Amino acid sequence: MMSLRVMRSSLLSRVKLLGATSVRAAHGHEGHVSHHPDGSEPLYYDHRAFPLPDILFRKELSSHQTALKEKEKGAWKQLSQEDKIALYRIKFDQSYAEMNKPSNEWKTVFGGIFILFGITGFVVWWQSMYVYPAKPHTLDDEWKAMQMQRMLDMHIGPIQGFSSKWDYEKNEWKK
């Protein structure tokens, strides 16, 4: 006697609700997955390192493309330049020039970087205006001058320190 679980899985796989292909299809991989269990079906891709793909780019040909393929079997001198390009596009998706064409992705990257710099600058400005406290009065130039004069009056570091560089007779810094 079969268990309920085995009966349910076999029934669902027969109805195609449970199985490898249905799971792939549910995740959006239906057209891009090999239907062979070992993945032996050749796939098309353009890459500079692999100039000749395993299969043609176009699998299903239109009537015009089929007529062009028949015309290809004859003399190539009878084909026009447009026909040769159309035959190339049946076999390949991109040419080497199209594969080597630089992308404009650098513009997006730099744009994102500048946007982040702008946001960071705005946050720093906002913090300096509304978050950080006001500068203390000890950072004013007037206060620093008074502090320096006080240190000179007290003869702080008379041998190698601050006061050693001050000429007390001329009231100016030593040269």
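When you count the other C-beta atoms within 10 angstrom of each residue and take the mean per peptide, 99-112, 156-169 line up highest first as 156-169, 99-112.
Solvent-accessible area assigned to carbon and sulfur over region 126-173 amounts to 58 percent, based on a 1.4 Å probe. In plain terms, the chain from Asp38 to Thr138 could stretch by 28.3 nm, reckoned as 0.36 nm per residue minus the Cα-Cα distance.
Straight-line reach only, C-alpha to C-alpha below 21 angstrom: list the lysines that Lys69 could link to, leaving out same-chain residues fewer than 8 apart. Partners found: Lys59, Lys77, Lys84, Lys91. For Trp166, nonlocal amide neighbours, meaning residues 5 or more places apart or on other chains whose placed amide H falls under 5 Å from its own, are Lys174. Along the positive direction of the dipole of region 125-171 (beta-carbon charges: Lys, Arg +1; Asp, Glu -1; about the Cα centre), which of Tyr130, Gly161, Ala145 reaches farthest? Sorting the options by dipole projection puts first Tyr130. Here the 3J(HN,Hα) profile of region 54-65, calculated from phi with Karplus coefficients 6.51, -1.76 and 1.60 at θ = phi - 60°, is 5, 10, 5, 5, 9, 8, 9, 9, 7, 5, 5, 5 Hz, Gly and Pro shown as x.
Projected label points at Lys77 and Ser95, each 7 Å from Cα along the beta carbon direction, are separated by 2.4 nanometres.
The values are calculated or read from the model by the stated rules, or taken from the named source; none is laboratory data. Just so it is clear, the model here is predicted, and its values are computed rather than measured. All Cβ positions, even for glycine, are placed from backbone atoms using ideal geometry, and neighbour counts span all protein chains on display. Remember, those area values only see protein heavy atoms, side chains included, never the ligands or the DNA or RNA. Shrake-Rupley method; radii C 1.70, N 1.55, O 1.52, S 1.80 Å.
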